[in-house]
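The values are calculated or read from the model by the stated rules, or taken from the named source; none is laboratory data. Keep in mind that what you see is a predicted model, and the values were worked out from it rather than measured. Positions of Cβ are generated from backbone atoms using ideal geometry, with glycine treated the same way; all protein chains shown enter the neighbour counts. All accessible areas refer to the heavy atoms of the entire protein, side chains included, with ligands and DNA or RNA removed. Shrake-Rupley method; radii C 1.70, N 1.55, O 1.52, S 1.80 Å.
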Amino acid sequence: MDNVKPARRLFFMRSGGMAAAVAGSALLPQREAHAADAAAGSTTLAYPDRRVAAAADLPVNNVSMFNYPDEDSPCYLLRMGEPVPGGVGPDGDIVAYSAFCTHMGCPVQYDGDTRTFKCGCHFSIFDPETGGQMVSGQATENLPRIVLHYDTKTGGVHAVGVDGLIYGRQSNIL
C-alpha cells in the first residue's frame with residue numbers, strides 16, 4: 001500500500017502541472033490580444049482640423065472668437081504683435097485659448113491694456129504671451145491653449161488640438 005500513495009501523488013502532481021501548462025499556454029495568445037486591444041483603444045482622440053481665420057485679417061491686440069473643438073467650447077484667437085512661445089503665423093505671434101477659466105469655468109475676458117485674460121468671477125489672471133500661464137487669482141492651472149497651425153500657402157490659421165483640459169470636461173472631445 002505504501003508504494004501506491006507515492007505513485008498516486010506523483011500522478012496528481014504531474015497531471016496538475018500539465019494542466020497548468022496547458023492553461024497558461026491558452027492564456028498567452030489572449031494576453032497578446034489584450035495588448036493589441038489597448039493600443040487600438042488609445043486614450044488620445046483625434047482633434048478636428050478647423051480653419052479659424054486668415055492671418056492677414058487679424059488685428060494686433062484684439063481677440064476674435066471661434067468655437068473649438070466643438071460648438072460648446074468658445075475660444076479666443078489673438079494676434080500679439082510680437083513673437084510669442086507657441087505662436088504661429090508669418091510673425092509667430094498668433095495664439096488661441098479656451099474662453100473658460102480653469103478655476104470654476106467662468107468666461108474670461110481679454111484686457112488689451114494689460115494684455116492679459118481676466119476672470120471676472122474670482123479674479124484669476126492669465127498671460128497669453130507665456131502660454132496662458134496663470135499669473136494670479138484662484139485658478140491653479142493655465143488656460144487651455146488651442147494648438148494652431150499656419151498654412152503658408154493659403155495664409156489660413158487652423159485649430160488642430162488643445163493643450164490642457166477645458167473646464168468641466170473629462171475629455172476635450174465629446
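Could you list, in sequence order, all residues of segment 70-87 that are of a type outside the set (D, E, K, R), outside any loop (DSSP other than H, G, I, E, B) and open to solvent by 20 Å² or more (accessible area, probe 1.4 Å)?
The answer is P74, and nothing else.
Per-residue answers, yes or no, for (1) in contact with a Phe, Trp or Tyr (Cβ under 6 Å, 6 or more places away or on another chain); (2) farther than 13 Å from Y76 by Cβ; (3) not in a loop (DSSP other than H, G, I, E, B):
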| site | (1), (2), (3) |
| --- | --- |
| K118 | no, no, yes |
| H122 | no, yes, no |
| Q138 | no, yes, no |
| L143 | yes, no, no |
| T154 | no, yes, no |
| H158 | no, yes, yes |
| G161 | yes, yes, yes |
| Y167 | yes, yes, no |
| I173 | no, yes, no |
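Identify all residues within segment 99-110 that are assigned to a loop (DSSP other than H, G, I, E, B) and open to solvent by 70 Å² or more (accessible area, probe 1.4 Å); write none if there are none.
Result: M104, single match.
Just the residues that are of a type in the set (A, V, I, L, M, F, W, C) and either assigned to a strand (DSSP E or B) or surrounded by 18 or more Cβ atoms within 10 Å (Cβ to Cβ) (or both), please, taken from segment 44-69.
Listed by number, the residues that qualify are V52, A53, A54, A55, L58, V60, V63, M65, F66.
Failed condition for P144, given (1) over 19 Å from D91 (Cβ atoms); (2) open to solvent by 40 Å² or more (accessible area, probe 1.4 Å); (3) in contact with a strand residue (DSSP E or B) (Cβ under 6 Å, 6 or more places away or on another chain), with all others met?
Answer for P144: the failing condition is (2).
State whether one or more residues within segment 47-63 are β-branched (V, I, T), under 34 Å from the mean Cα position of the chain (by Cα) and at pLDDT below 95. Don't jump to the end; show me each part of the working.
Let us first name the residues in segment 47-63 that are β-branched (V, I, T), namely 52, 60, 63.
Applying the additional criterion that residues be under 34 Å from the mean Cα position of the chain (by Cα) yields 52, 60, 63.
From what is left, the residues that are at pLDDT below 95 are none.
No, segment 47-63 has no match at all.
Which members of segment 111-141 meet the condition of being open to solvent by less than 40 Å² (accessible area, probe 1.4 Å), in contact (Cβ under 8 Å) with a residue 40 or more places away in the chain and either of a type in the set (V, I, T) or within 24 Å of V160 (Cβ to Cβ) (or both)?
F117, P128, G131
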